[in-house]
Amino acid sequence: MTRVLLVQDSCLMRSALAERLDREPDLEVDHTPWHSAPGRVGALRPQLCVADLDYEASYGIPPLGELRCSLLVLATRSRPGLLRRALEVQALGYVDKDGPVERLLLGIRQVARGERFIDDSLGFGFLKASQNPLTRRELSVLSLAAEGAPVAEIARRLHLSNGTVRNYMAAITRKIGARNRIDAIRISQGEGWL
C-alpha cells in the first residue's frame, strides 16, 4: 500500500482527484491545501506527495522545499519557472495536468518505487525553465515586490540595505528587458518565474 498526500489549493479539484486516486487498491490517499501541507506531511508520513504547482498565495511560488518526502508535481508547460523550482528541490515526478489520470497513476507508482517520472509533454517546459536569467536572490526581491512590499520592507525582510534592493531591482529590469518594476513583475509572472 502506498500512502499519498495530495496537495492542492482548490478544494473541489483536490477532493475529486483524491476520491479518484483512492479507488486504486494499492493507494491510500489523503489531501490538504498548501497552507497546511508541511504539518500534514509530518503527521501522516506519506511515501510521496502529489503537489499541484499552482499555488494561490505568494504569486504562485509553492513552498516545495517544506514537503519532506518524495515529490511528484502536477505541472503545465506554460509555467517553466515552477518546473525549475521543482527540479531544485529534487522532485522525482513531473506529470502534465492536462494529461489523463492514467499518466498520474503511472507517475505515482514509479515515484513510490524511487524512480524518476517525467511526462513527455513537459519537455519544452523544462527547456524553457533553463532560460530564467534571474538568480535566486533576485527572485526573492521580485517576489516581495510583487506582493506590494516597498523597498524598505524588502530590505528589512531579506536583511539587505535599501540601496542593495534598488540595485537588484535595476539588475532585474535590465536582465529581462522590462521598463520598470511593474513590467518586471508582469513579465516574470507570464514566464512562470514568479
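Couple of notes before you dig in:
- Area accessible to solvent at Met13, 1.4 Å probe radius, in Å²: 120
- Of all complete DSSP H helices in the chain, those with a Cα span along the helix axis of 18 Å or greater and a mean Kyte-Doolittle hydropathy of -1.0 or more are 162-176.
- Å² per residue, accessible surface of the chain at 1.4 Å: 50
- Around the Cα centre of the chain, unit charges on the Cβ atoms of Lys, Arg, Asp and Glu (plus for the first two, minus for the last two) sum to a dipole of about 860 debye.
- Solvent-accessible surface of protein heavy atoms, probed at 1.4 angstrom with all chains present, puts Arg40, Arg156, Arg14, Arg166 in the order Arg156, Arg166, Arg40, Arg14, largest first.
- Taking only protein heavy atoms and a 1.4 Å probe, the accessible area of the chain is 51% carbon and sulfur.
- Added length on full extension, which subtracts the Cα-Cα distance from 0.36 nm per residue, Asp22 to Arg103: 27.6 nm
- Among Leu74, Leu139, Leu160, residue whose mean-square fluctuation peaks in a GNM of the chain (springs only between Cα atoms under 10 Å): Leu160
- Counted residue by residue at 0.36 nm each, then reduced by the alpha carbon distance between them, the extension gain from Asn167 to Gln90 reaches 24.6 nm.
- Positive-pole candidate from Gly190, Asn162, Ser143, dipole of the chain, charges at beta carbon: Asn162
The values are calculated or read from the model by the stated rules, or taken from the named source; none is laboratory data. Given the structure is predicted, the values throughout are model-derived calculations rather than measurements. Cβ: placed from backbone, ideal geometry, glycine included. Neighbour counts: every protein chain shown. Areas reflect the complete protein model, heavy atoms only, side chains present, ligands, DNA and RNA absent. Shrake-Rupley method; radii C 1.70, N 1.55, O 1.52, S 1.80 Å.
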